[in-house]
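The values are calculated or read from the model by the stated rules, or taken from the named source; none is laboratory data. The model shown is predicted, which means the values in this text are computed figures rather than measured ones. Reconstructed Cβ throughout: ideal geometry from the backbone, glycine too, with neighbour counts over all protein chains shown.
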Amino acid sequence: MNYAKLDGALQELLAESEIEERPLDTVLVSIVVDADATEGDRERLEALLDDGLSFDGTIAVSEVTSNKLADISDNPAVLALQLSRRLSPKVSRRRAV
Amino acid sequence: MSVLASAVTTTESTRLGSRTLDAELLEFLHILEEAGDGLALPSAEIGSRFTYGKQLLVVTSTDLPALERVIDEGGGRILDAAGRVATVELSVAAIEQLAIRARGLLEVRLSRLLSPKIDRALHLSRVGAYRRRVAPYGRGRGVIIGVVDSGIDGTHPAFRGRILECWNQVAQGSAGAGLPYGRIEQGPSATDEDGHGTHVTGIAAGAEGVAPEASIICVKTDFEDAHVISGVRYIFRRASELGIPAVVNLSLGGHGDPHDGTDALSIAVDEASGPGRVVVAAAGNEGLDSIHFGRTIEPGTTHVAFRVPYHSSRVVANVWYDGGGEIEIAVSAPFGISTAYQPTLFGTKATQTYRLASLARIYITTPGVSRLNGDKSIRVTLQAVGPMVHPGRWFLHLRNRGTPVTVHAWTIDDSAWGDATWSEPSNSYLIGSPGAASAAITAAAMISRNQWTTQDGSEWSLKFDIGTVAPSSSRGPLRNGHEKPDFAVAGGMIIAPRSVQAHFDADGPIDDLRATMAGTSMAAAVLSGMCATLLERQPTWGPVEVRDALQQGARVAYSPDDGRGLISLDQCR
């Protein structure tokens with residue numbers, strides 16, 4: 001596993017799973033791919049992302065099985081893996097009077 | 001003789017107007033005159049309400065019988081008359097004669113389309129004046145407004161016949177080619193149990209919204225940013241297949257990213273944007289939340305306090321600093337118990353776990369330099385080991401072993417009771433992804449309404465002045481100094497379509513079809529509608545051209561509060 005490519009949240013999730021002895025099944029990640037990656041590396045990466053999620057430009061979105069994380073992170077085409085982040089609707093929580 | 005030739009000239013109308021024609025009617029006649037014979041057909045539409053044919057007027061007169069005679073001679077008719085006020089249908093050409101000949105005339109004015117909906121939001125950016133100027137454009141026809149949000153109430157009359165489809169990412173199943181999860185729903189079957197998506201879509205593209213003739217594509221999401229990426233791509237792909245431009249509205253965001261537009265969602269937004277493809281994002285509503293800390297840390301140790309509220313099961317601090325910095329970090333709990341200092345852990349597992357008695361389990365992650373922006377990050381998570389993280393005053397201890405370095409940190413928590421807050425916050429640098437994306441046009445919120453009456457007759461108010469930046473609107477700039485937000489538009493309170501499936505607090509429902517909401521979500525929707533009206537006229541424009549056009553109606557100078565300030569759409573190219 002190339003830990004240097006994993007963002008903090010993904011590293012933390014892996015650590016948490018290890019401590020709690022709760023193996024991860026799949027994780028939803030965004031993968032940042034090197035725009036200058038070789039075709040071979042990119043094809044090998046695509047083969048690892050077999051769930052058919054979107055892969056356009058330099059960003060792939062995929063629900064990957066945790067045992068593939070090492071292969072994905074070791075692929076030279078991959079710059080970074082980010083655990084999907086839960087966003088919020090931007091409606092104000094402040095109420096009227 | 002053309003109708004225009006027989007209509008009131010500017011000089012005449014000015015003269016007559018000084019007596020009886022009101023300002024809006026004078027402006028209307030002036031617009032007709034300026035439109036010229038090239039556009040002039042006797043009943044040609046130059047806007048939804050603006051025709052050269054019969055006009056609906058409200059006339060005030062002390063002599064209704066005299067008024068009736070002139071109207072009759074002019075080929076018009078009185079629809080209703082009582083006391084001194086009559087409602088009248090009369091051609092443009094006959095208005096002059098009415099003004100000259102009718103005895104006892106006090107005022108002639110166009111009937112006004114009243115709308116308790118988002119009228120003030122539109123008025124703040126002079127959307128109506130823009131529509132009149134660019135008629136028959138200005139209503140979003142031929143443009144898709146795609147909204148990635150909580151869904152849409154497909155039965156709401158505000159969207160009748162204009163929802164092309166909805167990708168329900170939350171539904172079980174397989175949506176079809178290229179969409180490995182969720183379900184494609186046709187307009188009327190789409191739902192929105194939260195109400196946010198319906199409201200946002202209604203502002204941008206509802207029947208009384210900014211772009212009321214735009215087509216709509218909805219993506220009902222679970223707000224995972226990975227799914228949001230797919231949602232943006234889906235909308236643009238469908239627009240491309242249909243051969244029409246699209247604006248994607250993202251009234252959502254978070255603070256788990258580096259706040260510099262280098263996260264995956266921001267990159268995806270940048271890459272997906274282009275000619276005929278524009279993304280609008282909300283700046284955020286954290287202006288008063290004290291969730292950002294930023295300071296230059298001198299060599300030595302700096303103690304940074306933050307407060308954990310009651311009932312937080314998990315609190316996260318997201319820390320970023322220059323890649324050349326050398327910072328070690330420790331965390332201490334309210335009773336002084338502390339973790340060890342943790343340096344950057346290069347090339348190995350970067351997460352260490354610490355247990356601070358029963359107060360919390362602490363995860364500290366200190367990876368090396370990010371390949372995406374060249375900076376270092378620290379992630380600190382306080383995880384409850386009981387029902388909640390111990391509330392109170394906690395500290396980050398930052399030991400700088402190098403030269404002075406600027407540190408930015410954001411707190412993120414999952415408590416419904418309030419955010420974890422810094423003791424010495426800076427209420428700047430509050431725009432995260434996707435508002436931080438370079439290509440996104442990012443909206444700050446202005447106050448457009450501060451009083452309203454809800455369905456039960458209760459009257460509500462906000463103690464903020466109309467036309468000022470909403471105090472909760474997230475301030476810029478980005479962590480790398482880039483200027484965000486881009487512009488400010490109306491963001492609260494906005495009355496817009498209400499999802500029948502959603503529950504609202506007491507201050508929300510206006511009637512069965514509308515509700516109030518506030519925030520940069522609403523501002524983003526206003527801005528999305530504006531962008532759609534620009535793409536309607538210039539379908540190959542991308543984010544650069546659209547931003548430049550909007551800039552024409554805004555301030556030159558940048559402010560972290562509201563970017564280039566309020567847009568007057570009628571000033572835009």
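When you go through B:Ser559, B:Ser499, B:Ser568 one by one, which is the residue that is surrounded by fewer than 21 Cβ atoms within 10 Å (Cβ to Cβ) and touching a residue at least 12 places away in the same chain (Cβ under 8 Å)? Outline the logic, then answer.
Values: B:Ser559 fails: touching a residue at least 12 places away in the same chain (Cβ under 8 Å); B:Ser499 fails: surrounded by fewer than 21 Cβ atoms within 10 Å (Cβ to Cβ).
None of the others qualify; the one that does is B:Ser568.
Okay, residues lined up against (1) crowded, with 18+ Cβ neighbours inside 10 Å; (2) touching a helix residue (DSSP H, G or I) at 6+ places or on another chain (Cβ under 6 Å); (3) modelled with pLDDT of 95 or more:
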{"site": "B:Ile145", "(1), (2), (3)": "yes, yes, yes"}
{"site": "B:Val148", "(1), (2), (3)": "yes, yes, yes"}
{"site": "B:Gly151", "(1), (2), (3)": "yes, yes, yes"}
{"site": "B:Gly161", "(1), (2), (3)": "no, no, no"}
{"site": "B:Trp167", "(1), (2), (3)": "yes, yes, yes"}
{"site": "B:Ser174", "(1), (2), (3)": "no, no, no"}
{"site": "B:Ala177", "(1), (2), (3)": "no, no, no"}
{"site": "B:Tyr181", "(1), (2), (3)": "yes, no, no"}
{"site": "B:Gln186", "(1), (2), (3)": "no, no, no"}
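When segment B:513-524 is examined, which residues are found to be closer than 8 Å to B:Ile494 by Cβ and in contact with a Ser or Thr (Cβ under 6 Å, 6 or more places away or on another chain)? Steps first, please.
Filtering segment B:513-524 down to residues closer than 8 Å to B:Ile494 by Cβ leaves B:516-518, B:522.
Hit for segment B:513-524 is B:Ala518, nothing else.
Pairs only if they're at least six apart or on different chains, beta carbon under 9 angstrom, first in segment B:254-283 and without any contact (Cβ under 8 Å) to a residue 24 or more places away in the chain, second outside any loop (DSSP other than H, G, I, E, B); list them, first residue then second.
Final answer for the pair search is B:Glu271/A:Asp56; B:Glu271/A:Ile59.
Could you list, in sequence order, all residues of segment B:251-285 that are assigned to a strand (DSSP E or B) and not aliphatic (A, V, I, L, M)?
B:Gly253, B:Gly274, B:Arg277
Tell me yes or no: at least one residue of segment B:311-323 is farther than 13 Å from B:Thr381 by Cα and within 12 Å of chain A (Cβ to nearest Cβ).
Checked against the condition, which is being farther than 13 Å from B:Thr381 by Cα and within 12 Å of chain A (Cβ to nearest Cβ), segment B:311-323 yields at least one hit.
If the requirement is being under 21 Å from B:Ser568 (Cβ atoms) and part of a helix (DSSP H, G or I), which of these qualifies: B:Ala129, B:Ala99, B:Ala94, B:Ala66?
Being under 21 Å from B:Ser568 (Cβ atoms) and part of a helix (DSSP H, G or I) holds for just one of B:Ala129, B:Ala99, B:Ala94, B:Ala66, which is B:Ala129.
Tell me the residue from B:Ser473, B:Ser499, B:Ser528 that is among the hydroxyl-bearing types (Ser, Thr, Tyr) and either more than 30 Å from B:Ser189 (Cα to Cα) or at pLDDT below 95 (or both), please.
B:Ser473
Assess whether B:Val248 counts as being assigned to a helix (DSSP H, G or I), more than 9 Å from every other protein chain (Cβ to nearest Cβ), crowded, with 23+ Cβ neighbours inside 10 Å and modelled with pLDDT of 95 or more.
It is false that B:Val248 is assigned to a helix (DSSP H, G or I), more than 9 Å from every other protein chain (Cβ to nearest Cβ), crowded, with 23+ Cβ neighbours inside 10 Å and modelled with pLDDT of 95 or more.
List the strands (runs of 3 or more DSSP E) inside segment B:332-391, counting only whole elements, that have at least 3 residues being within 14 Å of another protein chain (Cβ to nearest Cβ), within 27 Å of A:Pro76 (Cα to Cα) and out of contact with any helix residue (DSSP H, G or I) (no Cβ under 7 Å at 6 or more places or on another chain).
So the answer is B:375-383.
Identify all residues within segment B:502-522 that are touching a helix residue (DSSP H, G or I) at 6+ places or on another chain (Cβ under 9 Å), among the hydrophobic types (A, V, I, L, M, F, W, C) and crowded, with 24+ Cβ neighbours inside 10 Å; write none if there are none.
Matches in segment B:502-522: B:Ala515, B:Met517, B:Met522.
What is the residue count in segment B:399-438 for residues that are in a strand (DSSP E or B) and over 19 Å from B:Ala282 (Cβ atoms)?
Total meeting the criteria: 11.
Output the residues belonging to segment B:373-389 that are modelled with pLDDT of 95 or more and surrounded by fewer than 21 Cβ atoms within 10 Å (Cβ to Cβ).
Listed by number, the residues that qualify are B:Asn373, B:Gly374, B:Asp375.
Give the residues of segment B:327-337 that are of a type outside the set (A, V, I, L, M, F, W, C) and buried (at least 16 other Cβ atoms within 10 Å of the Cβ), sorted by residue number.
B:Glu328, B:Ser332
Quick check on segment B:367-376. Is at least one of its residues among the charged types (D, E, K, R), without any contact (Cβ under 8 Å) to a residue 24 or more places away in the chain and out of contact with any Phe, Trp or Tyr (no Cβ under 7 Å at 6 or more places or on another chain)?
Yes: segment B:367-376 contains one or more residues that are among the charged types (D, E, K, R), without any contact (Cβ under 8 Å) to a residue 24 or more places away in the chain and out of contact with any Phe, Trp or Tyr (no Cβ under 7 Å at 6 or more places or on another chain).
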